[in-house]
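Student: Pasting a structure below so you can have a look.
What follows draws every value from the coordinates through simple rules; no lab data is involved. No experiment lies behind these values; they were computed from the predicted model shown. Note that we place each Cβ from the backbone using ideal geometry, even for glycine, and neighbour counts take in every protein chain shown.
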Amino acid sequence: MSYEKATEAAEFIRSKYDRQIKTAIVLGSGLGAFADELENAVKIRYEEIPHFQKSTVEGHAGQMVLGEIGNVAVAVQQGRFHFYEGYEMAQVIFPVRTFGLLGIKNVILTNAAGSIQTSFKPGNLMLIRDHLNLMGANPLRGANDERFGARFPDMTEVYDKSFQEIVSDEAAKIAEERFEQGIDKKLSPFLQRGVYCALSGPTYETPAEIHLFRLLGADAVGMSTVPEAIAARQQGMKVLGISCITNMAAGITD
């Protein structure tokens, strides 16, 4: 997907919303309800946005929602495009390309993931501190357009540490408030940190594969996020990654 096509998509979105958007949020499977919290929301179906694809996965509404959270203008991608749906990597990352051309500086990527770590529980959130790209493809493969960024971007710190600290501090406050209010019987952290392993899917992992990923240092596994994170970093955007742990991966509880 070319720079010109991304520019066309960005100009269309800009024509629907006149505030400068500071942050983009990509909502993973089952997390779409967050978009309903936006004030002064403008909803745009993906089919309306030039060169956007159609989201085919259940739980992905397939629309861009523009609005405000605490007077901060945000773009919320309510449903993403997955590699396993048959899309090319360039199509998977096209929304991120568009975000960059809208002048967006921060991207929050969320997903639903299976836990490889026995200390993680379903319902926990995991801050992604690093990732393993085992999808068999890289979104930057092929001819590079320097207008998007460098040919060989540094991946030393994909996920911004300052963002992680902000989220960690807020999560600690929430956990303490829930304990003091008697909602939780003990002060237990619901926010974890770990390495996210991205696979192509659509099959779930075998117990043997999960064992291998654990040896490689992975804490959670899923089928998204990494392509978008790579593209965002190439374009100079800061990235925050959050996994919602929905289940224990194959063989972990056996």
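Student: Pick from Glu205, Glu180, Glu228: which is most flexible by mean-square fluctuation in a GNM of the chain where alpha carbon atoms under 10 Å apart are linked?
Tutor: Comparing Glu205, Glu180, Glu228 in a Gaussian network model of the chain, the most mobile one is Glu180.
Student: Taking the structure as given and computing Cα Rg over 2.2 N^0.38 Å, which label from (1) 0.94; (2) 1.07; (3) 1.00 fits?
Tutor: Of the listed options (1) 0.94; (2) 1.07; (3) 1.00, (3) comes from this structure.
Student: Right, something else. Any chance you could count the Lys pairs in the chain whose alpha carbons are under 19 Å apart, treating pairs 8 or more apart or on different chains as valid?
Tutor: Counting lysine pairs in the chain gives 16.
Student: Report the rotationally averaged projected area of the range 129-242 based on its alpha-carbon convex hull, in square nanometres.
Tutor: Value for the range 129-242: 9.2 nm².
Student: Principal axes first, then extents: for the Cα atoms of the range 59-158, list largest minus smallest coordinate on each axis, whole Å, largest first.
Tutor: 43, 38, 29
Student: For the range 1-104, compute Rh as the Kirkwood radius over C-alpha pairs and then the Stokes-Einstein diffusion coefficient at 25 °C and 0.890 mPa s; write the answer in µm²/s, rounded to an integer.
Tutor: Estimated via Stokes-Einstein, D reaches 181 µm²/s.
Student: Calculate for the chain the 222 nm mean residue ellipticity that helices alone would give, adding -39,500 (n - 2.57) per DSSP H run of length 4 or more and normalising by residue count, nearest 500 deg cm²/dmol.
Tutor: The per-residue figure over the chain is -7500 deg cm²/dmol.
Student: Cα extents of the range 202-253 along the three principal axes, largest first, in whole Å?
Tutor: 39, 21, 21
Student: Hey, can you grab everything whose amide H is under 5 Å from the amide H of Cys197? Only 5+ residues off in sequence or another chain; H modelled, so Pro and N-termini drop out.
Tutor: For Cys197, whose amide H was placed from the backbone, the distant partners under 5 Å are Leu132, Asp219, Ala220, Val221, Gly222.
Student: Just need the relative contact order of the range 9-167 here, percent rounded to a whole number, with Cα pairs under 8 Å and 6+ apart.
Tutor: RCO, the range 9-167: 26 percent.
Student: Quick query: amide H of Ile108 versus all other amide H atoms, modeled in the peptide plane; which residues come in under 5 Å with a sequence gap of 5 or more or a different chain?
Tutor: Close amide H contacts, sequence-distant or interchain: Ala24, Ile25, Val26, Leu240.
Student: Could I ask something else about it? Run the simple label-point estimate for Glu88 and Glu170 please: 7 Å along Cα→C-beta, distance reported in nm.
Tutor: 3.7
Student: Using a Förster distance of 22 angstrom, determine the FRET efficiency expected from the C-beta separation of Glu146 and Lys5, and round it to 0.05.
Tutor: Step by step, r from the Cβ atoms, then E = 0.85.
Student: Something else: Which whole-Hz ³J(HN,Hα) couplings does the range 221-229 yield from phi under the Karplus relation 6.51 cos²θ - 1.76 cosθ + 1.60, θ = phi - 60°, glycine and proline marked x?
Tutor: These are the phi-based 3J(HN,Hα) values: 9, x, 10, 7, 6, 4, x, 5, 5 Hz.
Student: Sticking with this one: Using a Gaussian network model on the chain with a 10 Å cutoff between Cα atoms, which of Ala41, Ala172, Ala232 fluctuates the most?
Tutor: Comparing Ala41, Ala172, Ala232 in the GNM, the peak value goes to Ala172.
Student: Can I ask one more? Explain nothing, just compute: Karplus ³J(HN,Hα) = 6.51 cos²θ - 1.76 cosθ + 1.60, θ = phi - 60°, for every residue of the range 79-88 in order, whole Hz, x for Gly and Pro.
Tutor: x, 10, 9, 9, 4, 6, 6, x, 6, 6
Student: Using a Gaussian network model of the chain with C-alpha springs under 10 Å, which one of Met223, Met155, Met64 is most mobile by mean-square fluctuation?
Tutor: Met155
Student: Spin-label point model (7 Å from Cα, Cβ direction): what's the Phe34 to Ile183 distance in nm?
Tutor: 1.7
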